[in-house]
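Chemist: I am attaching a structure below and will ask some questions about it afterwards.
The values are calculated or read from the model by the stated rules, or taken from the named source; none is laboratory data. Keep in mind it's a predicted model, so treat the numbers as computed, not measured. Note that we place each Cβ from the backbone using ideal geometry, even for glycine, and neighbour counts take in every protein chain shown. Remember, those area values only see protein heavy atoms, side chains included, never the ligands or the DNA or RNA. Shrake-Rupley method; radii C 1.70, N 1.55, O 1.52, S 1.80 Å.
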Amino acid sequence: MSFDTWNVSGLILEGISGTGKTEILRAILQSERYRSRSGFSSYIMSEHQTQRVLEKKDREGGLSVRDNLSLLEEHLENISRLKSRLDAMEWCRKNQTAMRIPYILERFHFTHVYQYDHMSWKDVVPIDGKLLDLNCRAVVLTAERDKLADRILSGRDAMWMNYIKGFGDSDEKIIDHFERQQEELKELAEQSDLDIRFFDTGLNPPEQTAGEILDFWGAF
């Protein structure tokens with residue numbers, strides 16, 4: 001879709017735990033480029049809305065493919081309805097941009113595949129296609145093993161530390177688990193039809209990485 005004609009433009013922000021998704025998302029939203037955009041509207045959903053609302057049912061058992069897909073489809077339907085109304089509009093002032101809606105989804109269909117054993121890539125292929133239709137790009141944040149270890153094993157609360165013990169009886173085994181997830185995420189990204197860029201968050205400050213992501217997104 002042409003930069004001059006879009007009504008909605010999206011960014012998926014993916015990455016396993018410890019790659020700095022929330023920090024990067026905050027840097028994007030606080031950047032001058034984002035804050036000075038022409039319109040006021042946006043659709044921003046953190047991982048709490050895009051994935052973690054399923055945690056209770058997952059703990060209790062019974063989480064199904066339909067549960068995962070319903071959550072993903074709900075967000076896409078919200079954005080699609082906004083797009084449809086804007087696409088049908090003929091504005092009196094040509095080349096108007098104040099009506100545009102950028103959307104950011106922290107964690108999305110990639111997470112639902114690598115996070116849940118009952119999910120596979122074929123389940124989310126239609127989701128990937130809908131995102132493409134909704135003018136979306138994706139960013140996968142990565143980190144080297146030492147950075148992952150520092151972020152995952154340090155400065156966390158007791159609930160988190162108790163959670164990660166389920167992945168191994170040593171720090172090494174725990175980080176092995178997260179590295180396997182990161183490799184799976186990379187492999188999933190290769191199967192997507194979306195335009196995707198990888199960013200190693202250990203290389204630069206969050207503000208610089210956020211700027212590079214905005215360059216790639218191309219919405220502002």
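Chemist: Looking at the chain, do any whole DSSP H helices span at least 27 angstrom along their long axis by alpha carbon and average -1.0 or above on Kyte-Doolittle, and which?
Modeler: Within the chain the helices that satisfy the rule are 65-87.
Chemist: Here is a further query. How high is the relative contact order of the range 8-217, in percent, counting Cα pairs under 8 Å that sit 6 or more residues apart?
Modeler: 38 percent
Chemist: Given the DSSP H assignment, sum -39500 (n - 2.57) over each helix run of at least 4 residues in the chain and divide by its residue total; what's the result at 222 nm in deg cm²/dmol, nearest 500?
Modeler: -16000 deg cm²/dmol
Chemist: Something else about it: Does the range 66-188 come out rounded, prolate or oblate, given a ≥ b ≥ c as the square roots of the eigenvalues of its C-alpha gyration tensor, rounded meaning a/c under 1.5 and, failing that, prolate meaning a/b above b/c?
Modeler: Prolate, since a/c reaches 1.5 and a/b exceeds b/c.
Chemist: Just to verify a number: what accessible area does Trp91 come out at with the full protein assembly present, 1.4 Å probe, Å² rounded to tens?
Modeler: 80 Å²
Chemist: To the nearest 20 debye, what charge dipole does the range 8-217 have about its Cα centre, counting +1 at the Cβ of each Lys and Arg and -1 at the Cβ of each Asp and Glu?
Modeler: Using only the charged Cβ atoms, the result is roughly 1000 debye.
Chemist: Mind checking the range 90-143 for trypsin sites (Lys or Arg not before Pro) that DSSP puts in a loop (not H, G, I, E or B) and that have at most 15 other Cβ atoms within 10 Å?
Modeler: Arg93, Lys94
Chemist: Can I ask one more? If I take all pairs of Cα atoms in the range 8-217, what percentage of them are more than 26 Å from each other?
Modeler: The calculated P(r) of the range 8-217 puts 37 percent of pairs beyond 26 Å.
Chemist: Report the charge-dipole magnitude of the range 137-176 in Debye, nearest 20, computed about the Cα centre from +1 at each Lys and Arg Cβ and -1 at each Asp and Glu Cβ.
Modeler: Details: 7 positive and 8 negative charges, 50 e Å.
In debye, rounded to 20, the range 137-176 gives about 240.
Chemist: Would you rank Thr97, Thr50 by solvent-accessible area, highest first, keeping every protein chain in place and using a 1.4 Å probe?
Modeler: Of Thr97, Thr50, the descending order of accessible area is Thr97, Thr50.
Chemist: What aspartates and glutamates does Lys186 reach when the alpha-carbon gap must be under 12 Å and sequence neighbours fewer than 8 apart in one chain are set aside?
Modeler: Hits, sequence-local ones excluded: Glu14.
Chemist: Excluding the sites themselves, what is the longest stretch of the chain that contains no GluC sites (Glu not before Pro) in a DSSP loop with at most 16 other C-beta atoms within 10 Å?
Modeler: Result, exposed sites excluded: 1-89.
Chemist: Picking from Thr22, Leu11, Ser41, whose Cα lies most toward the positive end of the charge dipole for the range 7-46 (charges on Cβ: Lys, Arg +1; Asp, Glu -1)?
Modeler: Ser41
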